[in-house]
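The block underneath contains the structure these notes are about, expressed in structure tokens.
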Amino acid sequence: VQLQASGGGLVQAGGSLRLSCTASGISISINPMTWYRQAPGKQRELVAGISSDGSTNYKDSVKGRFTISRDNAKNTVYLQMNSLKPEDTAVYYCKVATSMRDFWGQGTEVTVSS
């Protein structure tokens, strides 16, 4: 199982980015997918998740600004991030949960300048 995250970059406050996480060796349609982030000096935190039935959940501070979605045909999960704030600066990781274990992507860095 491999997860390839991409889409990070440098953006000004108020801007948008779309992160992608493409899975191989596993189907994202039947396994919960989650985006986490870790800011410098802080613990990794859950940002958004999407379950196998399509239900979603979000960290309170990103509700209304971030949207998680998936394309089963592309085996890819997305995180659309709008109205970005400097406090969204972090390395973003995707994770897939299976009955055996969790698998993590390598992370993609997001930097939001003020």
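The values are calculated or read from the model by the stated rules, or taken from the named source; none is laboratory data. Since the structure is predicted, the reported quantities are computational estimates derived from the model, not experimental observations. Note: ideal-geometry Cβ built from the backbone for every residue, glycine included; neighbour counts use all protein chains shown. Note: areas computed on protein heavy atoms with side chains; ligands, DNA, RNA excluded. Shrake-Rupley method; radii C 1.70, N 1.55, O 1.52, S 1.80 Å.
Against the test of being more than 18 Å from residue 20 (Cβ to Cβ), polar (S, T, N, Q) and in contact with a strand residue (DSSP E or B) (Cβ under 6 Å, 6 or more places away or on another chain), the options 51, 83, 113 yield a single qualifying residue, 113. Within the stretch 94-112, the set of residues being open to solvent by 40 Å² or more (accessible area, probe 1.4 Å), under 17 Å from residue 40 (Cα atoms) and either at pLDDT 95 or above or among the acidic types (Asp, Glu) (or both) comprises 109, 111. One residue stands out among those in the stretch 80-93 that are open to solvent by 10 Å² or more (accessible area, probe 1.4 Å) and of a type outside the set (S, T, N, Q): the one that is nearest to the chain's Cα centre (by Cα), which is 93.
Of all residues in the stretch 4-24, those satisfying the criterion of being among the hydroxyl-bearing types (Ser, Thr, Tyr) and either out of contact with any strand residue (DSSP E or B) (no Cβ under 9 Å at 6 or more places or on another chain) or loosely packed, with under 13 Cβ neighbours inside 10 Å (or both) are 16, 24. Listed conditions (1) at positive phi; (2) modelled with pLDDT of 95 or more; (3) not charged (D, E, K, R) are all met by residue 54, apart from (2). Within the stretch 97-114, residues that are among the polar types (S, T, N, Q) have Cβ atoms under 6 Å from residues that are open to solvent by 100 Å² or more (accessible area, probe 1.4 Å) and part of a strand (DSSP E or B) in these pairs: 111/10; 113/12, counting only partners at least 6 apart in sequence or on another chain. Contact annotation: residue pairs with Cβ atoms under 6 Å, 6 or more positions apart or on different chains, pairing a residue in the stretch 44-61 that is surrounded by fewer than 17 Cβ atoms within 10 Å (Cβ to Cβ) with a partner that is at pLDDT below 95 and aliphatic (A, V, I, L, M), are 52/30.
When the strands (runs of 3 or more DSSP E) confined to the chain are screened for residues that are among the hydroxyl-bearing types (Ser, Thr, Tyr) and touching a Pro at 6+ places or on another chain (Cβ under 9 Å), those reaching at least 1 such residues are found at 108-113.
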